[in-house]
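See structure below.
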Amino acid sequence: MRYDEDLLKEYFCEAPKDISLDDVDMARVPGHVSIIMDGNGRWATARGLDRSQGHVAGVDSLREAVTTSVRLGLDVLSVYAFSTENWKRPQKEVNLLMHLFATTLVHELPLFHQENVRLRFFGDLTALPVETREVFQKGLDETADHDGMTFALAVNYGSRAEIARAARELAAEVAAGERDADTIDADAVAGHLYTRGLPDPDLLIRTSGELRLSNYLLWQLAYSEFYVTPTLWPDFSRWDMLRAIKSYQSRERRFGGVK
Ligand code: FPP
């Protein structure tokens, strides 16, 4: 996608020793970067703070990740904000997260307008508190005409449930005589996932060092490059994003073929 050369240089001007904008080939920036934002709780605990403070600090990192992605000209930034398993957390933490999602979206709407960012959500939003859903809808409505970067948030998202839902929908189409079972191919399945219409991620970043997918985009990540950093999410900065993209650009993507 488009990026503004001057804004980009200014944004990345005070480089640390190990990484700078020159380390990245702007002609080969990934189109879609997806992030599993992990480590908020550990970040807070290490500082003697309540876990909720880690999530609050995580909002600042997320805001920076959005701006960084716009500056770099990404087409899509997607993030795993809340999984179907996260309901098992203490009620107080779940309430805080739902509140944080809603207040953050309202607060950041001017940024989305300024940067021409279009919002999108994926997951089962029907289970969310009504005020959270209303704010999400307002965010969708107000950014629907933006044609810059898409910022997609996975909320109450679980990949297995998503794939099962796609299978149910396809089965229903066959049962209703609307579709021949032989037409169910990878494109048909992808067209029934929450992420339909979004390109698959080119690069998946996971913070806090865990080497697992945690039921995230199991279908869509089939050929994505992975980058895992020990950095905890509240410490993740624009420079970590550059490090991840530099690593991505050193990979040889073969999509199962040979070079
Ligand atoms: C994982 O850290 C993080 C989450 C489950 C929530 C992510 C939420 C934010 C970054 C807050 C802002 C988000 C939006 C969309 C406004 P963890 O709690 O699992 O950390 P731990 O593994 O160290 O316990």
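Scan segment 53-75 residue by residue and report those that are buried (at least 19 other Cβ atoms within 10 Å of the Cβ) and either more than 20 Å from the chain's Cα centre (by Cα) or outside any helix (DSSP H, G or I) (or both).
If the condition is that a residue be buried (at least 19 other Cβ atoms within 10 Å of the Cβ) and either more than 20 Å from the chain's Cα centre (by Cα) or outside any helix (DSSP H, G or I) (or both), then 74 is the only one that fits.
Say we look at segment 220-259 and pick out the residues that are crowded, with 21+ Cβ neighbours inside 10 Å and of a type in the set (Phe, Trp, Tyr); which of these is nearest to the ligand (Cβ to nearest atom)?
Per the stated criteria, the residue is 233.
Is there a residue being without any contact (Cβ under 8 Å) to a residue 24 or more places away in the chain and either in contact with a Lys or Arg (Cβ under 7 Å, 6 or more places away or on another chain) or buried (at least 17 other Cβ atoms within 10 Å of the Cβ) (or both) anywhere in segment 170-178?
First, the residues of segment 170-178 that are without any contact (Cβ under 8 Å) to a residue 24 or more places away in the chain: 170-178.
Narrowing further to those that are either in contact with a Lys or Arg (Cβ under 7 Å, 6 or more places away or on another chain) or buried (at least 17 other Cβ atoms within 10 Å of the Cβ) (or both): 170, 173.
Within segment 170-178, one or more residues are without any contact (Cβ under 8 Å) to a residue 24 or more places away in the chain and either in contact with a Lys or Arg (Cβ under 7 Å, 6 or more places away or on another chain) or buried (at least 17 other Cβ atoms within 10 Å of the Cβ) (or both).
Identify the single condition in (1) touching a residue at least 24 places away in the same chain (Cβ under 8 Å); (2) touching a helix residue (DSSP H, G or I) at 6+ places or on another chain (Cβ under 6 Å) that residue 184 does not satisfy, given that it satisfies every other one.
Of everything listed in (1) touching a residue at least 24 places away in the same chain (Cβ under 8 Å); (2) touching a helix residue (DSSP H, G or I) at 6+ places or on another chain (Cβ under 6 Å), residue 184 misses just condition (1).
Would you check which residues across segment 226-259 are closer than 20 Å to residue 31 by Cβ and free of Cβ contacts under 8 Å to residues at least 60 places away in the same chain and list them?
226, 227, 240, 247, 250, 251, 252, 253, 254, 255, 256, 257
In segment 76-188, which helices (runs of 4 or more DSSP H) lie fully inside it and hold 3 or more residues that are within 21 Å of residue 40 (Cα to Cα) and within 14 Å of the ligand (Cβ to nearest atom)?
Counting at least 3 such residues, we get 91-114.
If a residue must be in a loop (DSSP other than H, G, I, E, B) and closer than 19 Å to residue 147 by Cα, how many such residues does segment 1-17 contain?
Going through segment 1-17 one residue at a time, the tally reaches 4.
Sort through 85, 142, 131 and tell me the only one that's more than 30 Å from residue 9 (Cβ to Cβ) and modelled with pLDDT under 95.
One residue alone meets the criteria, 131.
Only one of these conditions is not met by residue 217: (1) in contact (Cβ under 8 Å) with a residue 40 or more places away in the chain; (2) surrounded by fewer than 21 Cβ atoms within 10 Å (Cβ to Cβ); (3) at positive phi. Which number is it?
All conditions pass for residue 217, except number (2).
Among the residues of segment 35-50, which ones are within 6 Å of the ligand (Cβ to nearest atom) and assigned to a helix (DSSP H, G or I)?
40, 41, 42
State yes or no: is residue 92 of a type outside the set (A, V, I, L, M) and exposed (fewer than 15 other Cβ atoms within 10 Å of the Cβ)?
Taking the combined requirement at face value, the residue satisfies it.
Restricting attention to segment 54-75, which residues are under 22 Å from residue 107 (Cα atoms) and away from the ligand (no atom under 11 Å from the Cβ)? Lay out the reasoning, then the answer.
First, the residues of segment 54-75 that are under 22 Å from residue 107 (Cα atoms): 54-71.
The answer is 64, 67, 68, 69, 70, 71.
Within the bounds of segment 198-210, is there any residue that is surrounded by fewer than 18 Cβ atoms within 10 Å (Cβ to Cβ), of a type outside the set (Asp, Glu) and within 16 Å of the ligand (Cβ to nearest atom)?
Yes, there is a match, as at least one residue in segment 198-210 is surrounded by fewer than 18 Cβ atoms within 10 Å (Cβ to Cβ), of a type outside the set (Asp, Glu) and within 16 Å of the ligand (Cβ to nearest atom).
The values are calculated or read from the model by the stated rules, or taken from the named source; none is laboratory data. In this text, all values refer to a predicted model and were calculated from it rather than measured experimentally. Note: ideal-geometry Cβ built from the backbone for every residue, glycine included; neighbour counts use all protein chains shown.
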